[in-house]
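Colleague: What follows is a single structure, and I will ask about it in a moment.
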Amino acid sequence: MRTRFDKPLRPLTELDAQGHLGVFELADENGQVLFIGYAGGKSLFGLKGEIQAASKRLSAATHFRYEINTAYWTRYQELLMLHKADHGELPAAVEFTGKLGRLSPG
């Protein structure tokens, strides 16, 4: 089972997400992930709305990738754990106050 995003980052100008549930990452022009987010059942306009809202808050965000996933909350936490395992901390723009497990990605 794959745990990492396998899609390439795309410019925000190519945003094509619709009203689906899922997870996403926003990155700067160098590919550094600035934000990890999700579109849940209460998200207005699904992934597209969440990506647009988050990118407005992060002026450095120029790229994105997303994954449609109905288990968005579990997948969101998994992406946070992967980022923390790889970088030692969460992206600065992520405000996660819950308890995360630990992953040892190979």
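Colleague: Among the residues of the range 49-106, which ones are loosely packed, with under 12 Cβ neighbours inside 10 Å, in contact with a helix residue (DSSP H, G or I) (Cβ under 9 Å, 6 or more places away or on another chain) and either among the acidic types (Asp, Glu) or in a helix (DSSP H, G or I) (or both)?
Modeller: Once the filter is applied, which keeps residues that are loosely packed, with under 12 Cβ neighbours inside 10 Å, in contact with a helix residue (DSSP H, G or I) (Cβ under 9 Å, 6 or more places away or on another chain) and either among the acidic types (Asp, Glu) or in a helix (DSSP H, G or I) (or both), the range 49-106 yields only Glu89.
Colleague: Taking the range 39-48 on its own, how many of its residues are surrounded by 21 or more Cβ atoms within 10 Å (Cβ to Cβ) and under 16 Å from Phe96 (Cα atoms)?
Modeller: 1
Colleague: Among the candidates Phe35, Phe5, single out the residue that is at pLDDT below 95 and surrounded by 15 or more Cβ atoms within 10 Å (Cβ to Cβ).
Modeller: Phe5
Colleague: Would you check which residues across the range 87-106 are without any contact (Cβ under 8 Å) to a residue 60 or more places away in the chain and over 24 Å from Leu21 (Cα atoms) and list them?
Modeller: If the condition is that a residue be without any contact (Cβ under 8 Å) to a residue 60 or more places away in the chain and over 24 Å from Leu21 (Cα atoms), then His87, Gly88, Glu89, Arg102, Ser104, Gly106 are the ones that fit.
Colleague: Here's something else I'd like to know. In the range 71-86, which residues are in contact with a strand residue (DSSP E or B) (Cβ under 8 Å, 6 or more places away or on another chain) and either farther than 24 Å from Glu29 by Cα or free of Cβ contacts under 8 Å to residues at least 12 places away in the same chain (or both)? Please lay out each step first, then the result.
Modeller: If we filter the range 71-86 for residues that are in contact with a strand residue (DSSP E or B) (Cβ under 8 Å, 6 or more places away or on another chain), which is where we start, we get 72-73, 75-76, 79-80, 83.
Result: Tyr72, Trp73, Arg75.
Colleague: Hey, another quick one. How many residues does the range 16-48 contain that are assigned to a helix (DSSP H, G or I), at negative phi and not aliphatic (A, V, I, L, M)?
Modeller: Going through the range 16-48 one residue at a time, the tally reaches 1.
The values are calculated or read from the model by the stated rules, or taken from the named source; none is laboratory data. Here the structure is a predicted model, which means the values were calculated and not measured. Cβ: placed from backbone, ideal geometry, glycine included. Neighbour counts: every protein chain shown.
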